[in-house]
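The values are calculated or read from the model by the stated rules, or taken from the named source; none is laboratory data. What you see is a predicted model; the values in this text were computed from it and never measured. We place every Cβ from the backbone using ideal geometry, glycine too, and count neighbours over all the protein chains shown. Calculation scope for accessible area: heavy atoms of the full protein, side chains included, ligands and nucleic acids excluded. Shrake-Rupley method; radii C 1.70, N 1.55, O 1.52, S 1.80 Å.
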Amino acid sequence: MRFLGNIEAKADSKGRVFLPAGFRKVLQASGEDQIVMRKDVFQDCLVLYPESVWNEQVDMLRSKLNRWNKQHQQIYRQFVSDVELVNLDASGRMLIPRRYQLLVGITQEVRFLGVGDTIEIWAGGKDSKPFMDAEDFGKALEELMEEPLSTQPLSRPSDTLSP
């Protein structure tokens with residue numbers, strides 16, 4: 001399952017918005033009926049997890065945590081408790097709860113970003129900052145993708161000549 005794209009939309013006065021058709025098709029093709037919505041841990045956006053992806057994330061988190069460690073329990077509780085199950089109506093609309101609208105600054109304009117196996121929802125408009133500026137992005141990508149230098153010293157032509 002792979003969501004791709006950057007789609008702008010508008011929420012109505014009740015906070016209902018159409019999930020972009022391309023994203024709905026991906027969900028339908030994958031047989032996903034339930035979507036889990038949660039505020040992103042790091043950014044001011046919402047994340048939509050298809051139920052299977054959500055379950056994988058929760059299982060992975062649980063596997064890294066000790067049930068008998070107080071801080072681990074608090075991390076787990078906080079991650080899994082502040083979620084909403086999202087249902088699409090027959091038209092493909094979903095409701096963004098008011099508390100989430102306030103948390104991420106959604107008024108009317110929204111932006112859907114396909115981010116692999118999840119979908120992000122950002123407040124639209126000029127204040128929306130889901131991306132790095134182009135120069136910083138290029139530098140960061142270059143650093144990330146740079147091949148590590150060989151740990152073997154380069155041989156010199158004189159090293160291969162026989163005496």
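Structural remarks
- For region 108-126, the candidate set comprises residues that are within 16 Å of residue 50 (Cα to Cα) and among the aliphatic types (A, V, I, L, M); within that set, the residue that is most open to solvent (accessible area, probe 1.4 Å) is 115.
- Taken across region 145-152, residues that are at pLDDT 60 or above and assigned to a helix (DSSP H, G or I) do occur, with at least one present.
- Residue tally, condition touching a Phe, Trp or Tyr at 6+ places or on another chain (Cβ under 6 Å) and either among the aliphatic types (A, V, I, L, M) or more than 14 Å from residue 106 (Cβ to Cβ) (or both), over region 28-50: 2
- Cβ-Cβ under 9 Å pairs, at least 6 apart or on other chains, region 128-143 side open to solvent by 80 Å² or more (accessible area, probe 1.4 Å), far side at pLDDT below 75 and of a type in the set (Gly, Ala, Ser): 132/140
- Residue within region 13-30 that is closer than 20 Å to residue 117 by Cβ, in contact with a helix residue (DSSP H, G or I) (Cβ under 7 Å, 6 or more places away or on another chain) and of a type outside the set (A, V, I, L, M) present: no
- Test: residue in region 67-84 that is within 24 Å of residue 8 (Cα to Cα) and in contact (Cβ under 8 Å) with a residue 40 or more places away in the chain: yes
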